[in-house]
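The values are calculated or read from the model by the stated rules, or taken from the named source; none is laboratory data. Just so it is clear, the structure is predicted and the values come from calculations on it, not from any experiment. In this analysis, Cβ positions are derived from the backbone assuming ideal geometry, glycine residues included, and neighbour counts consider all displayed protein chains.
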């Protein structure tokens, strides 16, 4: 059974036919060739496949492509504007928030969701809100610093300390 | 991993969803999908059709009806945490929701899905039991209302019939709740409840408590309730009541925690929850 879906991804409207059982992450990676969204565990635990669906962080390995008809998606490729990194991306760069980098796209998308809800989170709030993203390098310390950098930058006090 | 093949339907109303359930006896309803899709990917479940009710607006929203709160089955954990009505009237529901899974799960998972799935380690069933929640279901023979104590039958089993849809959850007598809490000992990796205790104290001194995680299905702690209700919530009375938390109960054991350990934790968390509502 196939379904026609129309979905806006990173500001561009796409129409495609998808099978009932096609997962959103496969549609994003294999149909739209947006391979920044990673598949880690494929069992809804690691968060590497996190993207924003209508502005909310979701695990795209646990959503059907057919379910996103008419919705808006932002992936890691959609964060930078005019060649300038998003403040969260810049935070991960400045604070060395990645080691192997596999979890990074998902970590960044969850951090964007977090800072949208809680602009100035404390460390405990950052850790609680990133529980759905696993870093197998265990580089959480610098991930927290990266989010703190972004939080400062986004609230206007550029992370210059 | 792909699930086995199935047909995907997105009905425009609850009535259409019921028709689809009647036409597809092996179908499953899809709400948040965060319990269903993972087991389908592992091929532990292979429904022939999914009926996606996640965008039915008639199942969304939180509203007040006199002294009751009416919560649409599609209300997500995220919505519960951010609803001003919930935060003002029944903050325990928002606090318990914040302990479920992770952000991505809370953005998709729904209160109706949690109730209908009846996972023995799910958090909200204990809270809904302690709040005396009522569950409204709609099916081919019309509407029914179930008390929480009747709704949860066994592990992954409720009174919901195959052709019925859980539409709303109603919390009655909200103003009678003087204090309420939900405490859990979470599995450190999965976050699921090894044990979770919900406790409610009413203005007239009634105490209601329920347990999840350590038992086959969330259930009221009736021996604890009858020991403490109407009494002063002193440390001694609380300790005596918490000792009753294992009375007449069967506990589950697995590689994460033995039944003996879960029984012990049930007493410990019952005591902590009662102390919390004592204020």
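Select from region B:5-26 the residues that are in contact with a helix residue (DSSP H, G or I) (Cβ under 7 Å, 6 or more places away or on another chain) and within 12 Å of chain A (Cβ to nearest Cβ) and write down the one among them that is farthest from residue A:38 (Cα to Cα).
B:9
What number of residues in region A:31-51 are more than 12 Å from chain B (Cβ to nearest Cβ) and more than 17 Å from residue B:41 (Cα to Cα)?
Of the residues in that region, 8 qualify.
Restricting attention to region B:91-111, which residues are surrounded by fewer than 24 Cβ atoms within 10 Å (Cβ to Cβ) and more than 14 Å from chain A (Cβ to nearest Cβ)?
B:91, B:92
Which of the residues that make up region B:41-70 are away from chain A (no Cβ under 14 Å) and without any contact (Cβ under 8 Å) to a residue 24 or more places away in the chain?
B:61, B:63, B:66 - these are the residues of region B:41-70 that are away from chain A (no Cβ under 14 Å) and without any contact (Cβ under 8 Å) to a residue 24 or more places away in the chain.
For the structure I just gave you, tell me whether residue B:47 is assigned to a loop (DSSP other than H, G, I, E, B), in contact with a strand residue (DSSP E or B) (Cβ under 6 Å, 6 or more places away or on another chain) and surrounded by fewer than 23 Cβ atoms within 10 Å (Cβ to Cβ).
yes
So is residue B:191 assigned to a loop (DSSP other than H, G, I, E, B) and under 20 Å from residue B:80 (Cα atoms) or not?
yes
For residue A:21, only one of the following conditions fails: (1) assigned to a loop (DSSP other than H, G, I, E, B); (2) touching a residue at least 12 places away in the same chain (Cβ under 8 Å); (3) surrounded by fewer than 21 Cβ atoms within 10 Å (Cβ to Cβ). What is its number?
(3)
Residues in region A:52-103 that are in a loop (DSSP other than H, G, I, E, B), under 30 Å from residue A:3 (Cα atoms), without any contact (Cβ under 8 Å) to a residue 60 or more places away in the chain and more than 14 Å from every other protein chain (Cβ to nearest Cβ): how many?
So the count comes out to 1.
From the list A:8, A:74, A:62, A:12, which one is under 27 Å from residue B:190 (Cβ atoms) and not assigned by TED's automatic domain parsing to the domain that holds residue A:116?
Exactly one of A:8, A:74, A:62, A:12 is under 27 Å from residue B:190 (Cβ atoms) and not assigned by TED's automatic domain parsing to the domain that holds residue A:116, namely A:62.
How about region B:237-275: which of its residues are assigned to a loop (DSSP other than H, G, I, E, B) and either outside the structural domain of residue B:192 (by TED's automatic domain parsing) or free of Cβ contacts under 8 Å to residues at least 12 places away in the same chain (or both)?
Result: B:253, B:254, B:255, B:258.
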